[in-house]
Amino acid sequence: MARFLLAWEIGGGLGHVVPLVEVAQPLVAQGHAVHFVLRDLSAARAALGPLASAPAVHLWQAPLWLLPFQASQPSASYAELLFHAGYLDPGRLGGLVQGWRSLLDAIRPDLLLADHAPTALLAARGRALHRALIGNGFFLPPAVQPLPSFREWEHIDPQRLVHTEARVLATCNAVLAADGLAPLAALHELTAADERFLLTWPELDHYGTGPHGRPGERYWGALPARQQGVPAVWPEGDGPTLFAYLRGDHPAIDAVLQQLAVAPCRTLVHALGLTPAQRERHAGARLRFSDGAVAMDTAMAQADAVLCHAGSGTVCTALQAGLPLLMLPMQVEQMLCARRVLACGAGEMLLPAEPGTRLQPALARVLGDAGVRQAARALAARHRSAQDGDVAQRIAARCIALAVSAAAAASG
């Protein structure tokens, strides 16, 4: 049977692991070996669930850039994100590449499936190995040069994009040259692959459908809501239900919870990183905290709206159920996703300084405005088909086909 290397190198949270796990399940069920090479192994067992103990599943630590990079300004492009991953120092990046190559030699995969693992892709160049990428689109930039700015609400000097991309490209090519490999002609070639699994819809694509769109690329759609987790148990009483998926490090988290405790709805909160004191202070008759990650399929079936930080996975899960969103983005990827939802008319967004004064009216609109709810339902209906629930199965089937062709080519 085939061997698959599923890689995650850069970024935080389970949003990078969950898609890999969803695809791994049918791979393992069909007898294939799956090697997870992950940035953070501490949460791997919780994310993998029953897969963690499967004999065909193996866990490896991903090679990581550990030195901090102090940027003078926020990253504005995919190239500038790579500044934080060692792509300004050919000597040290070469060490990371060697680490990935050692993993490739040890695992000998038939397919590399990468969720934001650019150094794994760099290490795989020159090898007879099929490569595939998976993700919501933010880390799968379009094939243009230079790569576009994703800070669309700011004016970014075009020459800055040209200069920063040239620096990263030179670093990549120095590493490749040291091993006698052909250079990249443009940075977008780093994320070229035999298949790119865009787990989103065109309306939610971070790079939009304008001049930097993706002509000819396929949108595979959103993964179905996860069934794994604790049951959704709502506060008792009357009124609409709100599911809130929050982080304790949001700068206004206490103001958010304080407002939710007195809102005219029943709120179930799954919040990462809250202290026991915060939970005790804000829990009440109309606000309940879950004891762990909630089974999203049942939560979405019972909720009237969703409050979150606009992570693509949660947004897609809510919109698949036709639920409007109130979004509190914390970083640029979430901001772009929230702006796409706003453009569709399917939700509201609050900046970090706004929850104390604007959460209640924004929540009232999300829960009570028929236009917002209809926009969310229309988006769900537009992308509902008999195959929507089989996205992971279809991706796994494509991965198997690629792996089989790679194995046949190697043996021939």
field: All positions within region 158-184 that are under 24 Å from Pro148 (Cα atoms) and of a type in the set (Gly, Ala, Ser)
entry: Ala166, Ala170, Ala174
- prompt: So Ser102 clears everything in (1) open to solvent by less than 30 Å² (accessible area, probe 1.4 Å); (2) in a helix (DSSP H, G or I); (3) among the hydroxyl-bearing types (Ser, Thr, Tyr) except one condition, right? Which one?
  reply: (1)
query: Name the pairs whose Cβ atoms lie under 8 Å apart, with the first residue in region 306-323 and under 24 Å from Ala353 (Cβ atoms) and at pLDDT below 95, the second among the acidic types (Asp, Glu) and surrounded by 24 or more Cβ atoms within 10 Å (Cβ to Cβ), and 6 or more positions between them or separate chains?
result: none
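Among the listed residues Gln258, Gln227, identify the single one that is over 15 Å from Cys308 (Cβ atoms), polar (S, T, N, Q), open to solvent by 80 Å² or more (accessible area, probe 1.4 Å) and part of a helix (DSSP H, G or I). Steps first, please.
Values: Gln227 fails: part of a helix (DSSP H, G or I).
Residue meeting the stated conditions: Gln258.
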query: Any chance region 339-348 includes a residue that's in contact (Cβ under 8 Å) with a residue 60 or more places away in the chain, closer than 30 Å to Pro148 by Cα and of a type in the set (Val, Ile, Thr)?
result: yes
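Out of Ala123, Ala132, Ala128, report the one residue that is closer than 19 Å to Ala192 by Cβ, open to solvent by 50 Å² or more (accessible area, probe 1.4 Å) and aliphatic (A, V, I, L, M).
Residue meeting the stated conditions: Ala128.
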- line: Among (1) at pLDDT 95 or above; (2) open to solvent by less than 10 Å² (accessible area, probe 1.4 Å), Gly137 falls short only on (1)
- request: Could you list, in sequence order, all residues of region 1-59 that are more than 20 Å from the chain's Cα centre (by Cα), among the small types (Gly, Ala, Ser) and modelled with pLDDT of 95 or more?
  value: Ala2, Ala29, Gly31, Ala33, Ala54, Ala56
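Identify, from the list Glu189, Glu236, Glu203, the residue that is open to solvent by 20 Å² or more (accessible area, probe 1.4 Å), of a type in the set (D, E, K, R) and in contact with a Cys (Cβ under 8 Å, 6 or more places away or on another chain). Give the steps one after another, and end with the answer.
Working: Glu189 fails: in contact with a Cys (Cβ under 8 Å, 6 or more places away or on another chain); Glu236 fails: in contact with a Cys (Cβ under 8 Å, 6 or more places away or on another chain).
Exactly one of Glu189, Glu236, Glu203 is open to solvent by 20 Å² or more (accessible area, probe 1.4 Å), of a type in the set (D, E, K, R) and in contact with a Cys (Cβ under 8 Å, 6 or more places away or on another chain), namely Glu203.
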task: Report, by residue number, each residue of region 140-169 that is buried (at least 19 other Cβ atoms within 10 Å of the Cβ) and assigned to a loop (DSSP other than H, G, I, E, B).
output: Leu140, Pro141, Pro142, Pro146, Leu147, Pro148, Ser149, Phe150
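The values are calculated or read from the model by the stated rules, or taken from the named source; none is laboratory data. The structure presented is a predicted model; accordingly, all values stated were derived computationally and were not measured. Because the Cβ atoms are built from the backbone with ideal geometry, glycine has one as well, and the counts that use them run over all protein chains shown. Remember, those area values only see protein heavy atoms, side chains included, never the ligands or the DNA or RNA. Shrake-Rupley method; radii C 1.70, N 1.55, O 1.52, S 1.80 Å.
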